[in-house]
1. Mind checking the per residue accessible area of the range 374-442 for me, 1.4 Å probe, whole number of Å²?
2. Report in % the part of the accessible area of the range 9-76 that belongs to carbon and sulfur, leaving out ligands and nucleic acids; probe 1.4 Å.
3. In the structure displayed, which of LYS284/LYS315; LYS259/LYS315; LYS386/LYS424; LYS37/LYS259; LYS37/LYS233; LYS386/LYS430 lie more than 29 Å apart, Cα to Cα?
4. Modelled label-to-label distance, SER305 and ASN392, 7 Å Cα→beta-carbon offset: nm?
5. When all protein chains stay in place, what accessible area (Å², nearest 10, 1.4 Å probe) is found for ARG329?
6. Per-residue accessible area for LYS287 at 1.4 Å probe radius, Å² rounded to 10?
7. Using a 10 Å cut-off on Cβ atoms, rank the peptides 288-299, 380-391, 143-154 from the highest mean neighbour count down.
8. If we count every other residue with Cβ under 15 angstrom of ARG18's Cβ, Lys/Arg +1 and Asp/Glu -1, where does the sum land?
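The values are calculated or read from the model by the stated rules, or taken from the named source; none is laboratory data. Source: prediction; values computed, not measured. Here Cβ is always computed from backbone atoms with ideal geometry, including for glycine, and neighbour counts include all displayed protein chains. In case anyone asks, the SASA skips ligands and DNA or RNA and just uses the protein heavy atoms, side chains included. Shrake-Rupley method; radii C 1.70, N 1.55, O 1.52, S 1.80 Å.
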Amino acid sequence: MKEHESGLGAYIRLFFQRRFNLHLDKANEEEVVSAIKANTVFVGPSLWTLIFAIFIASIGLNVNSTAVIIGAMLISPLMGPIIGIGLGIGTNDLALVRQGGRNLLIAALISIATSTLYFYITPLHDAQSELLARTTPSIWDVFIAFVGGLAGAIAVTRKEKSNVIPGVAIATALMPPLCTAGFGLASGNLLFFAGAIYLFFINSLFICISTYLIVRFLKFNKKYFENKNTEKKVSRYILITVLVTVLPSIYLAYGIVQKSIFESSAQRLIREEFNFSNTQVVNKSFKYSRNSREIDLLLIGAELSKPTVDSIRSKLSVYNLQGTKLIIRQGLDARANVDFSQIKASIMEDVFNRDSLAKKTVSANKDDSEIPEIREEIKSLFPAIKSYSIANTIYMNTDTLKKDTVLQFTATLNGGMPVSENGKLEKWLKARLTSQKLKIILQ
């Protein structure tokens, strides 16, 4: 029995070793290092490619075109220096770390300058949704950058090159934050600039960390130094550089996680506790910092009583919002602090939703209005029918949630109708009404 278990365990271990072996199809290490070093430098064609890609991305953000932004990210060569830094850290190559860092800084400055120029001269100055999405990092940005970096690092170490690198460039979105930073400078909005630079920094850092992990997992050779003191000094410099860069980012990433959890809990509180028929939340804002958390709500409609408000506040701990300040503005307090643009937007959204529902209802009943007039034909073909009705009917099942819509024909007879006539009526109605989902009721 033990031998059987041992054999099964060995088989499972062998299965996973073969299936998940990253050393399969691994390219020659010297070729990989040489290719990565070549892609870290921004001179000549690569620099012009970057500038043109920045213009394309800026236009895409300006006109809110996702397709254009994706095209720009495919063109962008920004991944090169970041992967180069990760490789340099993993192989103790201080010169490569410096080269990658210097070129990444140059690329970022040129990108920001290019996008600032574009947004300064463009006649379109509104911040579209694609642009606003790059001003505040979330935990998902961190996770995507890390996982995307792992995929990119694996791709560059393969013999057969694939479309992974362009995919990583799209997923991690390195270029749009730089364009958004340019928009912030051009419009004088420093919050936009700071948020976008922060997002770019987070993305770059976690791609770099992912590259380092893959390089060490694949056991790339570290740079050899004849002088051991020099080797120790280089390792020390790299360690200090990594710690100075990584530790603040971990602290900031933790803040992003906490903020995301807070906002998710706040949304759930509003969704579940402010579900009143005569009162509506028309505006909500969340403020999060290390020392304080705040939920600010603007209500219209019937005022909530003090016991109701106190009851909601007492449930904050249920939603992991203990210590959060809940501000509810209603009545005179709401009118004193009202933001009419927010109310207008909320009302327009509600009207849009109601209109969409009405359109769906009209669409559902559309077939009723297209039922052909068959009164004279029925009168001559089936004289036993005294009156009839035709309508699309929804049938509900009592044992499941399944719904089914059928065309129902209901007729009142003058006496009875022969069985042969019943079959003839069904066949004729299916052909005349062009419907196979037909239910006939004769009374």
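1. With all protein chains present, the range 374-442 gives 68 Å² per residue.
2. 65
3. Going by Cα-Cα distance, LYS37/LYS259 fall outside the 29 Å limit.
4. 4.5
5. That residue has around 50 Å² of solvent-accessible surface.
6. Its heavy atoms expose roughly 120 Å² to the probe.
7. Put in order of decreasing packing, that is 143-154, 288-299, 380-391.
8. Cβ neighbours under 15 Å give a net charge of +2.
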